[in-house]
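The values are calculated or read from the model by the stated rules, or taken from the named source; none is laboratory data. Remember, it's a predicted structure, so these values are computed and weren't measured experimentally. Counting neighbours? That spans all protein chains shown, and the Cβs are built from the backbone with ideal geometry, glycine included. Surface accessibility is based on the protein's heavy atoms, side chains included, excluding ligands, DNA and RNA. Shrake-Rupley method; radii C 1.70, N 1.55, O 1.52, S 1.80 Å.
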Amino acid sequence: MANYSSKGSGRGKSAAFVSKSYSSTSEKQSFDHDTARDTTRLPDKMKTPQINQDEKPFLQQALSMDNGTYASVRSNEAIHNIEIHSDQSSFLRWTIALLLGGTAVGIAAPKNPHLPSPMWQLLSSIVGYTYFLAWSASFYPQIFMNYYRKTTRGLSCDFCVLNVLGYVCYTAYTTNFYWNERIIAEYKQRMSGIDVDGGTKQSEITVQGNDVAFAIHALFMASFTLSQIGMYDSFISRPPSRRVYIVLVCTFAFCALYILSTWIYEGRIDFLGFLYVLGTIKICVTIG
C-alpha cells in the first residue's frame, strides 16, 4: 500500500512536471512571438542585417579563401601601400630639389636694381626662379606620357590650343617690356607722375629675366605638346571644338580692330596699349 502510494505520488509529480513544462513552453512561444513583433517595430539601423542573395557568392568566396590567396591579397595591399609611400617620397624629393635649385639660380642670377634693398632683390630673384623651375617642370610629365603611349587620348585639344594662345600673348608682353627700349621709354613717359616732394616720379619696369625665360620656355613646350596631337592622333580625328574657333576668331578680330582704331584716331599704332591687350588676353585664357 505504501509502495502504491509512493508510485502514485511519483506519477503526480511527473504529471505536475509535464504540466509545468507545457506551461513554460507556451509562455516561451508567447514570449518569442512578442519579441518578433517588437523587433519589426525597431528602426532599420538596429535590426540584424540580412545577407542579400547576390552577395552570397562573394561572401562564400571570401570565406573559402585559402592561405595562399589571403597571402596574395595581403601582398597586393602591401605593394599598394609601398607605391603610395614612394609617390609621397618622390613628391617630397622633387619639392626640395625645386626649392634648392630656385635658391641657387636666384643667388647666381642678376638682380633687379630697381628694388629698394639688396635683401628684397635677393628674395625677389629666389622666388622668381623657384617659380620658373616649378612651372617649367610641370610641362614635361605630359610630354613624356604622350611619347611613351604614342597617343594623346585623354588630353584636351581645346586646352592645348588655348594654352598656346595664352603663352603667345604672354611671351610678346614680357619680351617687349624686357628688351624693347622704345616700349620701356614710352612706359616710363606714360606712367610718370608727380612725387610727394614735387619732383617727377618715373615708374620702373617690373618684368625680370625669370619672367622672360619662363614665357619663352612655356611657349615652346606648349607648342610641342600641341604638335604631339598631330603626330600621334592627327587633328582630323581630334580637332578643336567650335567654341575654340570662336575664341580664336574673336581674339584676332579684336587685336586687329584695336590696331586699326589707334592708327586711324592717333595717326600711329599704340604698341604699348596693344601689349596691355595681349596681357589681358593671357589673363582671360588663364582664368577661363
*Could you count how many residues in segment 176-185 are open to solvent by 30 Å² or more (accessible area, probe 1.4 Å) and modelled with pLDDT of 90 or more?*
6
_Conditions (1) open to solvent by less than 30 Å² (accessible area, probe 1.4 Å); (2) in contact (Cβ under 8 Å) with a residue 24 or more places away in the chain: number failed by Thr262_ = (2)
*Would it be correct to say that Phe177 is touching a Ser or Thr at 6+ places or on another chain (Cβ under 9 Å) and touching a residue at least 40 places away in the same chain (Cβ under 8 Å)?*
yes
_Hits in segment 229-258 (condition: without any contact (Cβ under 8 Å) to a residue 40 or more places away in the chain and buried (at least 16 other Cβ atoms within 10 Å of the Cβ))_ = Tyr258
*Do we have Leu275 as open to solvent by less than 50 Å² (accessible area, probe 1.4 Å), touching a residue at least 40 places away in the same chain (Cβ under 8 Å) and under 23 Å from Ala185 (Cβ atoms) here?*
yes
*Could you tell me which residue of segment 186-215 is modelled with the highest pLDDT, considering only residues that are over 41 Å from the mean Cα position of the chain (by Cα) and part of a loop (DSSP other than H, G, I, E, B)?*
Ser192
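Residues checked against (1) modelled with pLDDT of 90 or more; (2) among the basic types (Lys, Arg); (3) not in a helix (DSSP H, G or I):
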| residue | (1), (2), (3) |
| --- | --- |
| Ala78 | no, no, no |
| Asn81 | no, no, no |
| Val105 | no, no, no |
| His114 | no, no, yes |
| Thr151 | yes, no, yes |
| Asn163 | yes, no, no |
*Residues located in segment 129-161, provided they are within 28 Å of Val247 (Cβ to Cβ) and hydroxyl-bearing (Ser, Thr, Tyr)*: Tyr131, Ser136, Ser138, Tyr140, Thr151, Thr152, Ser156
*Any idea which of Thr225, Thr262 is β-branched (Val, Ile, Thr), in a helix (DSSP H, G or I) and closer than 19 Å to Val168 by Cα?*
Thr225
